[in-house]
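Right, one structure below, let's go through it.
The values are calculated or read from the model by the stated rules, or taken from the named source; none is laboratory data. This structure is a prediction, so every number in the text was calculated from the model and none was measured. When we count neighbours, we look across all protein chains shown, and the Cβ atoms used for this are built from the backbone with ideal geometry, even at glycine. Note: areas computed on protein heavy atoms with side chains; ligands, DNA, RNA excluded. Shrake-Rupley method; radii C 1.70, N 1.55, O 1.52, S 1.80 Å.
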Amino acid sequence: EVQQLQERLAELGYRPGEPNGDYGAETASAVMAFQKAEGLQRDSIVGPEVLSRLEAPEAAGPRSDESGPRVEVDLDRQIMLAISASGEVTTINVSTGSGRPFQSAEEGKGIVIAHTPVGEFTIQRRIDGLREAPLGTLYRPLYFDGGWAIHGNPHVPGYPASHGCVRTADIDQDFVFELLADGDPVWIYGENPPLPPDAEAGF
């Protein structure tokens with residue numbers, strides 16, 4: 001059953017990992033991405049509603065049919081739609097700005113609000129490795145607007161939890177890092193959904 005789930009998710013453009021029947025972190029992340037895209041409860045549990053929607057998905061795709069490589073980040077659904085040069089769409093679980101106050105790492109700036117900028121950007125620079133930033137460790141960051149980046153992280157919850165960056169799972173960041181070249185478009189739209197009461201800001 002898990003292998004069939006993995007095969008179906010891959011068929012629909014998600015990243016559940018190898019179809020080996022092991023419900024591991026990659027598969028759980030792909031299930032959450034599917035739940036987010038479809039507007040279902042975000043818990044990575046494959047219940048009757050998820051199984052039903054896997055048979056007849058309703059999720060909207062990219063806002064534009066413009067060719068890739070490029071990505072669209074949907075803040076409302078907390079997903080990234082990665083479009084390849086051939087037009088193939090891959091849906092990835094992300095976590096963006098939490099909307100919570102935090103102490104800025106910039107001297108003299110004080111308390112700021114975690115948010116992810118909205119608009120049309122491009123990849124400006126990259127670091128192929130770990131960057132130990134003042135607010136945390138960024139895995140293979142792709143910077144698209146000053147200090148804002150798409151970067152890998154071990155924890156990508158079902159709600160917005162970052163200081164403003166677009167957080168992906170490390171294994172997904174490897175995919176995105178190789179997909180996007182400097183200068184490729186990054187479109188970000190929507191608003192952060194309401195936070196659950198137990199949410200905590202991250203990086």
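Nothing charged except the Cβ atoms of Lys and Arg (+1) and of Asp and Glu (-1): what's the magnitude of the dipole of the range 2-92 about its Cα centre? Round to the nearest 20 debye. Numbers along the way, then the final one.
Values: 8 positive and 16 negative charges, 35 e Å.
Value, rounded to 20: 160 debye.
Is the range 76-183 best put as rounded, prolate or oblate by its Cα gyration tensor, with a ≥ b ≥ c the root eigenvalues, rounded for a/c under 1.5, and otherwise prolate when a/b is larger than b/c, oblate when not? Display every interim value, and only then the final one.
Values: a/c = 1.75, a/b = 1.51, b/c = 1.16.
Prolate, since a/c reaches 1.5 and a/b exceeds b/c.
Looking at the range 63-126 from every direction and averaging, what is the projected area of its Cα convex hull in nm²? All intermediate terms of the calculation are to be shown ahead of the outcome.
Values: hull surface 23.0 nm².
For the Cα atoms of the range 63-126, the hull's average projected area reads 5.7 nm².
In nanometres, what is the gap between the two model label sites at GLU18 and GLU107, each 7 Å from Cα along Cα-to-Cβ?
5.0 nm
Of the beta bridges DSSP finds with both residues in the chain, what % are antiparallel, to the nearest 5?
Once the DSSP bridges in the chain are tallied, antiparallel ones form about 75 percent.
Kindly write out, for the range 41-47 in residue order, the coupling ³J(HN,Hα) from the Karplus curve 6.51 cos²θ - 1.76 cosθ + 1.60 (θ = phi - 60°), rounded to whole Hz, with x marking Gly and Pro.
Couplings: 4, 9, 9, 6, 9, 8, x Hz.
Taking the Cα-to-Cβ direction at GLU88 and at GLU132 and moving 7 Å from each Cα, how far apart do the two end points lie in nm?
Simple spin-label model gives 3.8 nm for this pair.
Using a 1.4 Å probe on the protein chains only, how many percent of the accessible area of the chain belongs to carbon and sulfur? Mind dumping the intermediate values first?
On the way: 4870 of 9770 Å².
Reported share for carbon and sulfur atoms: 50 percent.
Assigning unit charges at the beta carbon (Lys, Arg +1; Asp, Glu -1) and nothing else, what dipole magnitude in debye, to the nearest 20, does the range 41-192 show about its Cα centre? Intermediate results must be reported in sequence, preceding the final value.
On the way: 12 positive and 23 negative charges, 89 e Å.
Here the size comes out at about 420 debye.
Can you pull the semi-axes for the range 96-139, root of five times each eigenvalue of the Cα gyration tensor, sorted largest first, whole Å? Before the final figure, lay out each step's value.
Working: eigenvalues 85, 54, 21 Å².
Equivalent ellipsoid semi-axes, largest first: 21, 16, 10 Å.
Calculate, in nm to one decimal, what GLN4 and ASP65 gain on full extension: separation in residues at 0.36 nm each, minus their alpha carbon distance. Write down the numbers at each step before the final one.
Numbers: separation 61, 0.36 × 61 = 21.96 nm, distance 2.95 nm.
So the chain would gain 19.0 nm between GLN4 and ASP65.
Using a Förster radius of 41 Å, what is the FRET efficiency between GLU58 and ASP182 based on their Cβ-Cβ separation? Nearest 0.05, please. Could the numbers behind the result be given before it?
On the way: r = 35 Å, r/R0 = 0.86.
For R0 = 41 Å, the calculated efficiency reads 0.70.
Heavy-atom accessible area per residue, the range 138-192, 1.4 Å probe: how many Å²? Write down the numbers at each step before the final one.
On the way: 1710 Å² over 55 residues.
Accessible area per residue: 31 Å².
To the nearest 500 deg cm²/dmol, what mean residue ellipticity at 222 nm is calculated for the chain from DSSP H runs of n ≥ 4 alone, each contributing -39,500 (n - 2.57), summed and divided by the residues? Spell out each step's value before the answer.
On the way: 4 runs with 42 residues, N = 203.
Calculated from helices alone, the mean residue ellipticity at 222 nm is -6000 deg cm²/dmol.
Take the Cα atoms of the chain, find their three principal axes, and give me the spread along each one in whole Å, biggest first.
Sorted largest first, the three principal extents are 54, 39, 29 Å.
Within 10 Å, Cβ to Cβ, of MET32, how many net charges do the neighbouring residues add up to if Lys/Arg are +1 and Asp/Glu are -1?
Numbers: positive: LYS36, ARG42; negative: ASP43.
So the environment of MET32 carries a net charge of +1.
Determine the gain in length on full extension of the stretch ASP76-GLN41; use 0.36 nm per residue of separation and subtract their C-alpha separation, reporting nm with one decimal. Mind showing how you got there, number by number?
Details: separation 35, 0.36 × 35 = 12.60 nm, distance 1.37 nm.
So the extension gain works out to 11.2 nm.
Specify, per residue and in Å³, the volume enclosed by the convex hull of the alpha carbon atoms belonging to the range 31-95.
Values: hull volume 5.2 nm³, N = 65.
With only Cα atoms used, the range 31-95 gives 80 Å³ per residue.
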